[in-house]
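Here the structure is laid out as structure tokens; the discussion comes afterwards.
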Amino acid sequence: DTPPDATELAAELERHLAPIRHIEEALDVSRRWAHDRQFQIGAQLLRGLIAPAPAAAVLSDIAQVAINALFPRIEADFALQHGRFGGETLAVVAMGKLGGREMTPSSDLDLIFIYEVPAGMDASDGAKPLPPSQYFARLSQRLINSLTALTAEGRLYEVDMRLRPSGNKGPLAVALDGFVRYQEEEAWTWEHMALARARAVAGPAGLRARVTDAIRRVLARARDPARLLKDAADMRARMAAERPSEALWDVKNLRGGLIDIEFIVQCLQLRHGHAHPEILAPGTAEALARIAAARLLDPADAAALTRALALWQALQAMVRLTIDPTQSREGAAVFPEPLKRRLAAVGGAADFARLEDAMRATAQATAAVFRRLIETPAG
């Protein structure tokens, strides 16, 4: 069957959860539902019934629907003891692959929690009141636990919080004004690059809108182009030193792979977002298309990067679906023949050998664009 859209997925999960009264049972039901839908997408990917890009969008919708279904239930259970702050309080912001709607079958969730409380409220109104910072840190941890806890139905998702303000040293949840102040005064360039993929995925509509506006203001501010390029080149060099990879099938870290394309797109968004706010989009492919439409990138480079992005994302989705991640870099040495044929078909090649030739050429061409747009001018 054609996978449902986000609205249909949300209605489907809510039908399953409607009769449930206990949080523990809701966790199991949400896992059964999500795993069934993920299995459907995986089977269709293997059989060629769905292309990798729409599969990534559906996998992202499944994650967002699950968060939105569990969030109000976790919040209501938490409020039984600690009360509420009233109004619109906590928003969940997705970064990385969920933010860009680019999830693979094994993607974790990069999340940020941002709250806002009414003026003058120093504590929640429950039997055991808490100050805002403590209240929302605990509530955020409850939501994380609801996603990551290993129940009889397995785990829903792994959650990575390292992209929050101040990283692992920062609080789990941050007030909106504190978030804005951090992004304006303390955040590094690479943090703004990561913020280019941010998307508010859960929480009250008004707060989500204010968070989205705050993020866009940060991304659209005027910048020093030279400093931007130098910071991006330095960060890419550090990543290459910490995670050196010459493996052809490490399509994320390979020079000319996904990271290089994402860096180029994010740099262009930060460089030109002030004059061209229309290029700001959390999805890498969509942002690249908007950049090309605004004539901010050479047409030949834009076409090459678009082809490379589609190839890397398609191959990454198939490999993560089928091969142990600790072995996937070995490529041909561990890929069974049916998988080689499927990968060649996904990559638009006549056979596996020609696919690998195309991958090498794509990586070299992408790396050359990266050097020309970022490394050389940064130097």
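Within the span defined as the stretch 263-273, every residue fails to be closer than 19 Å to Asp357 by Cα and open to solvent by 20 Å² or more (accessible area, probe 1.4 Å). Has the stretch 8-21 got at least one residue that is closer than 27 Å to Gln134 by Cα and open to solvent by 40 Å² or more (accessible area, probe 1.4 Å)? Yes - at least one qualifying residue is present in the stretch 8-21. The conditions of being in contact with a helix residue (DSSP H, G or I) (Cβ under 6 Å, 6 or more places away or on another chain) and modelled with pLDDT under 95 are not met by Leu355. Note on the stretch 349-379: among residues that are part of a loop (DSSP other than H, G, I, E, B) and free of Cβ contacts under 8 Å to residues at least 24 places away in the same chain, the one that is most open to solvent (accessible area, probe 1.4 Å) is Ala350. Quick check on Pro165: is it open to solvent by less than 80 Å² (accessible area, probe 1.4 Å), under 17 Å from Ala79 (Cβ atoms) and of a type outside the set (D, E, K, R)? So Pro165 does not fit the description; no. If you go through the stretch 1-30 and pick out every residue that is polar (S, T, N, Q) and touching a residue at least 40 places away in the same chain (Cβ under 8 Å), you end up with 1.
Among residues of the stretch 52-74 that are within 29 Å of Gln141 (Cβ to Cβ), those with a beta-carbon under 7 Å from a residue that is among the acidic types (Asp, Glu) and part of a helix (DSSP H, G or I) at least six positions away or on a different chain give the pairs Ala69/Glu14.
Of all residues in the stretch 274-291, those being open to solvent by 30 Å² or more (accessible area, probe 1.4 Å) and either under 17 Å from Ile374 (Cβ atoms) or among the hydrophobic types (A, V, I, L, M, F, W, C) (or both) number 3.
Of the residues making up the stretch 209-264, those that are of a type in the set (S, T, N, Q) and either over 24 Å from Arg329 (Cα atoms) or at pLDDT 95 or above (or both) number 1.
Note on the stretch 315-342: residues that are of a type in the set (Val, Ile, Thr) and either more than 19 Å from Glu246 (Cβ to Cβ) or assigned to a helix (DSSP H, G or I) (or both) total 2. Taking Asp122 as the residue in question, decide whether it is among the charged types (D, E, K, R), out of contact with any Asp or Glu (no Cβ under 9 Å at 6 or more places or on another chain), closer than 24 Å to Phe179 by Cβ and not in a helix (DSSP H, G or I). For Asp122, the condition - among the charged types (D, E, K, R), out of contact with any Asp or Glu (no Cβ under 9 Å at 6 or more places or on another chain), closer than 24 Å to Phe179 by Cβ and not in a helix (DSSP H, G or I) - is met.
If you go through the stretch 41-55 one residue at a time, do you hit one that is among the polar types (S, T, N, Q) and closer than 25 Å to Phe113 by Cβ? No, the stretch 41-55 contains no residue that is among the polar types (S, T, N, Q) and closer than 25 Å to Phe113 by Cβ. Among the residues of the stretch 205-216, are any under 25 Å from His276 (Cβ atoms), polar (S, T, N, Q) and surrounded by fewer than 19 Cβ atoms within 10 Å (Cβ to Cβ)? Yes, because at least one residue in the stretch 205-216 is under 25 Å from His276 (Cβ atoms), polar (S, T, N, Q) and surrounded by fewer than 19 Cβ atoms within 10 Å (Cβ to Cβ). Note on the stretch 53-90: among residues that are of a type in the set (Asp, Glu) and open to solvent by 40 Å² or more (accessible area, probe 1.4 Å), the one that is nearest to the chain's Cα centre (by Cα) is Glu88.
The residue pairs whose first member lies in the stretch 322-346 and is without any contact (Cβ under 8 Å) to a residue 24 or more places away in the chain, whose second member is open to solvent by 70 Å² or more (accessible area, probe 1.4 Å), and whose beta carbons are closer than 6 Å, counting only pairs six or more residues apart or on different chains, are Val334/Gln327. All of Glu153, Glu185 fail the test of being open to solvent by 30 Å² or more (accessible area, probe 1.4 Å) and within 30 Å of Arg31 (Cβ to Cβ), apart from Glu153. Hey, among the residues in the stretch 292-310 that are of a type in the set (A, V, I, L, M) and within 18 Å of Arg101 (Cβ to Cβ), which one's surrounded by the most Cβ atoms within 10 Å (Cβ to Cβ)? Among those that are of a type in the set (A, V, I, L, M) and within 18 Å of Arg101 (Cβ to Cβ), it is Leu309. Could you tell me whether Arg101 is of a type in the set (D, E, K, R) and more than 30 Å from Leu343 (Cα to Cα)? No; evaluated as a whole, the condition is false for this residue.
The values are calculated or read from the model by the stated rules, or taken from the named source; none is laboratory data. Computed from a predicted model, the values in this text were never measured in an experiment. Glycine also receives a Cβ, built like all others from the backbone with ideal geometry; neighbour counts cover every protein chain displayed. Accessible surface is based on the protein model in full, side chains and every heavy atom, while ligands, DNA and RNA are left aside. Shrake-Rupley method; radii C 1.70, N 1.55, O 1.52, S 1.80 Å.
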